[in-house]
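What follows is a set of notes on a single structure, which appears directly below.
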Amino acid sequence: MMLIEETAIADAALPVDQFKAHLRLGSGFAEDDVQDEVLKSFLRAAIAAIEARTGKVLIERDFSWSLNGWRDTAGEVLPVAPIGSVDTVTMADASGTETVVDAAAYRLERDTQCPRLRPMGSCLPKVQTGGSVKIVFTAGMAADWGGLPADLGQAVLLLAAHYYEYRDETALGAGCMPFGVTSLIQRYRTVRFGAGVVQ
């Protein structure tokens, strides 16, 4: 399985001015934008970290997901949420010849935790031995920064500020995330059950 982000978050969608205000950076100077590229990189890093921790895509963009076979032919759980639309489903045989599946053969089952690609009939199209399937979809909680829930927006700013303040620090443990951020994103995390473990 391979998930690819086909389109990146546009620079214009990043809250650079809000981040500057959050950091209390000076304004009104001729070189106000001198740190903009650095600030954008920390915002992108914070968004990526929160998306990885929650399994939710914050700002809407396009993805493709390739897999070698369905895990469940009655409905394939998609790797991120929420899904806005499934654009195409393409089957490939062992030789790499591709066939686009008729959109009438499947439907998107919307869910904030586990959206699924469901068949209109009894099962999804058969994946040939040695073949693969690629699903192209659009995912995201909001089209732009202003549409995000306030707590997630605040979590991004807090984490980006943490990265900015400790950008030279190398002693922090792997996966370190400030408590304020973890508490803000907790309700968005996907709860997984399996092998006696609740996550």
Built amide H within the under 5 Å cut-off of VAL127, gap 5+: TRP70
The range 1-139 - Debye-derived log10 I(q)/I(0), Cα point model, q = 0.20 Å⁻¹: -1.15
Simple label model, 7 Å out from Cα along Cβ direction - SER122 to THR190, nm: 2.9
FRET efficiency estimate (nearest 0.05) - Cβ-Cβ, ARG44 to THR129, R0 45 angstrom: 0.65
10 Å Cβ shell holding at most 15 others, DSSP loop, GluC sites (Glu not before Pro): longest site-free stretch of the chain: 32-168
Rounded to whole Hz, the Karplus (6.51, -1.76, 1.60) HN-Hα couplings of the range 123-135, x for glycine and proline: 7, 5, x, 5, 8, 5, 4, x, x, 7, 9, 10, 10
Surface accessible to a 1.4 Å probe, per residue, for the residues of the chain, Å²: 56
Note, ³J(HN,Hα) from phi for the range 37-46, Karplus 6.51, -1.76, 1.60, rounded to Hz, x at Gly and Pro: 5, 5, 5, 4, 5, 6, 5, 4, 5, 5
Accessible surface ranking that places the most exposed of HIS162, HIS22 first, with a 1.4 angstrom probe: HIS22, HIS162
Probe 1.4 Å - accessible area at SER66, Å² to nearest ten: 30
Other-chain or far-sequence residues with amide H under 5 Å of LEU78's (modelled H): ARG116, LEU117
0 to 90° range, to nearest 10: angle between helix 150-165 axis and the chain longest Cα axis: 60
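Leaving out ligands, DNA and RNA, and with a 1.4 Å probe, what % of the accessible surface on the chain is carbon or sulfur? It would help to have the intermediate numbers written out before the result.
Details: 5820 of 11170 Å².
Roughly 52 percent of what the probe reaches on the chain is carbon or sulfur.
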Extension gain from ASP11 to GLN154, taking 0.36 nm per residue of separation minus the Cα-Cα distance: 49.6 nm
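The values are calculated or read from the model by the stated rules, or taken from the named source; none is laboratory data. Given the structure is predicted, the values throughout are model-derived calculations rather than measurements. Virtual Cβ from ideal backbone geometry, glycine too; neighbours counted across all protein chains shown. Remember, those area values only see protein heavy atoms, side chains included, never the ligands or the DNA or RNA. Shrake-Rupley method; radii C 1.70, N 1.55, O 1.52, S 1.80 Å.
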